[in-house]
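Throughout, read-outs are computed from the coordinates displayed, never taken from laboratory work. For clarity, every value in this text was computed on a predicted model and none was experimentally measured. A quick note on method: Cβ atoms are made from the backbone with ideal geometry, for glycine too, and the neighbour counts reach across all protein chains shown.
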């Protein structure tokens, strides 16, 4: 008798291999639903965004003020050579105290941002898992005949953890990156517009290579999630 080319899937799909990773049928609707979960945390998220902006601004202003120390030292050395004076250590001390205050304030806002975001992430993860648990209890038995143990576990654990981790990192990183970009551009043009233009011309090249890396690495991320489901099923 000719051997079948495909294996029948047994209960919970034990006989078959890991199923292909499914994509959302309606990505925009899925995204809207995801943001609806976050709507109840909008005040906390606003505070997180505000803290991220303040922390980033202070970090950007710091090097500009630090440059004043170099200016004071250079001016003092020139005065010493000319015999008209010396280094103004009192002015340097004032600049150092301002820098300490700036970086300390930046660190406080950064800590507050991280603390609040971790709290939102944990509550968001709990809400998702609770919703998934309720949904699984309402699913018909035939659904579990088509899914492996690993797939179901992966939805509840790995996928939710991935969403929560991306949430914790993405929101603050996007705000920080935008604020840093705008702030650095302002600082660069205030120092030298010629060198700023040269640096900006390099950005399209680096952006092109970044997107190439993202495009190549996406399939490996998908395979990683598939293998995690396979490992969970084996146990």
Need the C-alpha centroid separation for the stretch 39-75 versus the stretch 83-148, integer Å.
15 Å
If a/c stays under 1.5 just call it rounded; otherwise compare a/b with b/c (prolate if a/b is bigger, oblate if not). Do that for the stretch 96-211, with a ≥ b ≥ c from the square roots of the Cα gyration tensor eigenvalues.
oblate
Mean separation of Cα pairs under 8 Å and 6+ residues apart, divided by the residue count of the stretch 42-234: what relative contact order is that in percent?
30 percent
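How would you classify the stretch 39-96 from its alpha-carbon gyration tensor, with a ≥ b ≥ c the square roots of the eigenvalues: rounded for a/c under 1.5, else prolate if a/b is greater than b/c, otherwise oblate?
prolate
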Could you work out how far apart the two model spin labels at residue 218 and residue 50 are, taking each label as a point 7 Å from the Cα in the direction of the beta carbon, and quote it in nm?
3.7 nm
By how many nm would the segment from residue 91 to residue 231 grow when fully extended, if each residue of separation counts as 0.36 nm and the alpha-carbon distance is taken off?
44.1 nm
Among 176, 207, 157, what is the fewest-to-most ranking by other Cβ atoms within 10 Å?
207, 157, 176
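By its C-alpha gyration tensor, with a ≥ b ≥ c as the square roots of the eigenvalues, how is the stretch 155-212 shaped: rounded for a/c under 1.5, else prolate for a/b larger than b/c, else oblate? Present the calculation step by step, with values, prior to reporting the outcome.
Details: a/c = 8.11, a/b = 2.24, b/c = 3.63.
It comes out oblate by the Cα gyration axes.
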Tell me the label-point distance for the pair residue 40, residue 103, using the 7 Å Cα-to-Cβ offset, in nm and rounded to one decimal.
4.1 nm
